[in-house]
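Every number in this text was worked out from the coordinates using simple rules, so none of it is lab data. On a predicted model such as this, the values are computed, not experimentally measured, just so you know. As a convention, Cβ positions derive from the backbone with ideal geometry for all residues, glycine included, and neighbour counts pool all protein chains shown.
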Amino acid sequence: MQLKSKITGTGSYLPSKIITNDDLAEMVNTTDDWIMERTGIKERRVAGQDEANSDMCVEAAKKAVSAAGLKPEDLDMIIVATMSGDMPMPSTAAIVQHKFGAINAAAFDINAACSGFLYGLSVADKFIRTGASKKLLLIGAEVNSKFIDWKDRGTCVLFGDGAGAVVLEPADDGRGILSTELFTDGSMWDYICLPGGGSANPPSEETLREGLHHIKMRGNETFKVAVRTLEKLVINTLEKNNIEPSELAMLIPHQANLRIISATAKRLNLPMSRVAVNIEKYGNTSSASIPIALDEVVRAGRLRDNDYVLLEAFGGGLTWASALIKW
Ligand code: UT7
């Protein structure tokens, strides 16, 4: 039987501080009703002042690695998917390697915005299938709160912080990742971006004054592309694998907007009971949303051996991606 990569452990971490919609209504011109109706978000988590991305990664990693029955030094590779890392250089993965004591692991970051975890899963899958990695830790983690303009009601109500992790190992029993699909259309790069601080707009007093160090989003335009694209993506992914939507045990979508999640589920004719939804509690945690939702689903015992699980995401780039797993 062909070698596949199997998820052998999951873990997640959410910072304890909660910001509710009512809290936000005291900061910007918004209401709990507007946010709930347009997004499905009720509250989100926010990292502490001294809490960096790598700190959250390590907390999620501890749980995933322990669930897999491994120790940090067993890992041979760490990939962190993030767009809100500790610093531009070195990678957040290198800092995680040190803090977690994963002394035998090569470590690097991947940035595909909200699709980052699935881009990371696709790369991880290749390392495992080729035999180049045997015990790989993949983390999706974001500290979006530190890059948000808390005066911009168009974005500050949407995002949250968190981290989710999975351990991947080779398996030859037919179970594991069946396929991953990755797509990018860079012509819409400015639909969701953080324009300041890189080589295009190096940090300066001017970039600070113009607010270029904050996440910008053309929300409504992104929404329309997301719904159209994800509907096509999930159908194509299942067709490619000769699997009917009715055979799916669970859909685990990126949590950007409940209306986008519902539209995708509807296209698949899937009842919401078979869709992982936690956006109400955490908002949009970008590349962390899928591994957090997956961890919750696994720990709640909602997945059984051989279940078909479909993961999908859409985000800045623009990027979109899917993964089909035989659990
Ligand atoms: O994770 C990466 C991918 N991200 C996404 O896929 C996000 C996609 N976008 C969305 O989820 C939605 O577009 C939003 C939730 C961001 C916005 O919902 P919408 O239904 O597209 O609203 P809109 O942007 O068309 O705005 C409608 C109205 C506007 O007022 P006018 O022009 O009609 O007077 C906005 O100014 O709502 C206003 N508005 C708000 N009102 C109260 C925008 N933000 C807020 C707010 N509270 N927080």
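Here are the numbers for the structure shown:
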| quantity | calculated |
| --- | --- |
| Qualifying residue in region 266-277 (condition: within 14 Å of the ligand (Cβ to nearest atom) and in a strand (DSSP E or B)) | no |
| Some residue of region 128-140 being farther than 19 Å from Asn53 by Cβ and assigned to a helix (DSSP H, G or I) | yes |
| Positions within region 241-261 being surrounded by fewer than 16 Cβ atoms within 10 Å (Cβ to Cβ) and within 11 Å of the ligand (Cβ to nearest atom), in sequence order | Arg259 |
| Selection from region 221-240 of residues that are under 23 Å from the mean Cα position of the chain (by Cα), more than 13 Å from the ligand (Cβ to nearest atom) and surrounded by fewer than 16 Cβ atoms within 10 Å (Cβ to Cβ) | Lys232, Ile235, Asn236 |
| Matching residues, region 111-152, being within 16 Å of the ligand (Cβ to nearest atom) and of a type in the set (A, V, I, L, M, F, W, C) | Ala112, Ala113, Cys114, Phe117, Leu118, Ala141, Val143, Phe147, Ile148, Trp150 |
| Residue within region 299-310 that is closer than 17 Å to Val166 by Cα, out of contact with any strand residue (DSSP E or B) (no Cβ under 8 Å at 6 or more places or on another chain) and free of Cβ contacts under 8 Å to residues at least 40 places away in the same chain present | yes |
| In region 192-220, residue farthest from the chain's Cα centre (by Cα) [restricted to those that are more than 16 Å from the ligand (Cβ to nearest atom) and in contact (Cβ under 8 Å) with a residue 24 or more places away in the chain] | Gly211 |
| Total residues in region 24-36, condition under 11 Å from Trp150 (Cβ atoms) and either more than 10 Å from the ligand (Cβ to nearest atom) or under 25 Å from the mean Cα position of the chain (by Cα) (or both) | 2 |
| Residue tally, condition among the charged types (D, E, K, R) and in contact with a Pro (Cβ under 9 Å, 6 or more places away or on another chain), over region 60-90 | 1 |
| Matching option when the condition is closer than 30 Å to Val58 by Cα and of a type in the set (A, V, I, L, M, F, W, C), among Leu168, Leu230, Leu208 | Leu168 |
| Boolean, Ala102 is surrounded by fewer than 24 Cβ atoms within 10 Å (Cβ to Cβ) and small (Gly, Ala, Ser) | no |
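Each row is one residue, and each column tells you yes or no for (1) assigned to a loop (DSSP other than H, G, I, E, B); (2) within 29 Å of Arg129 (Cα to Cα).
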site	(1), (2)
Pro170	no, yes
Gly198	yes, no
Glu239	no, yes
Arg259	no, no
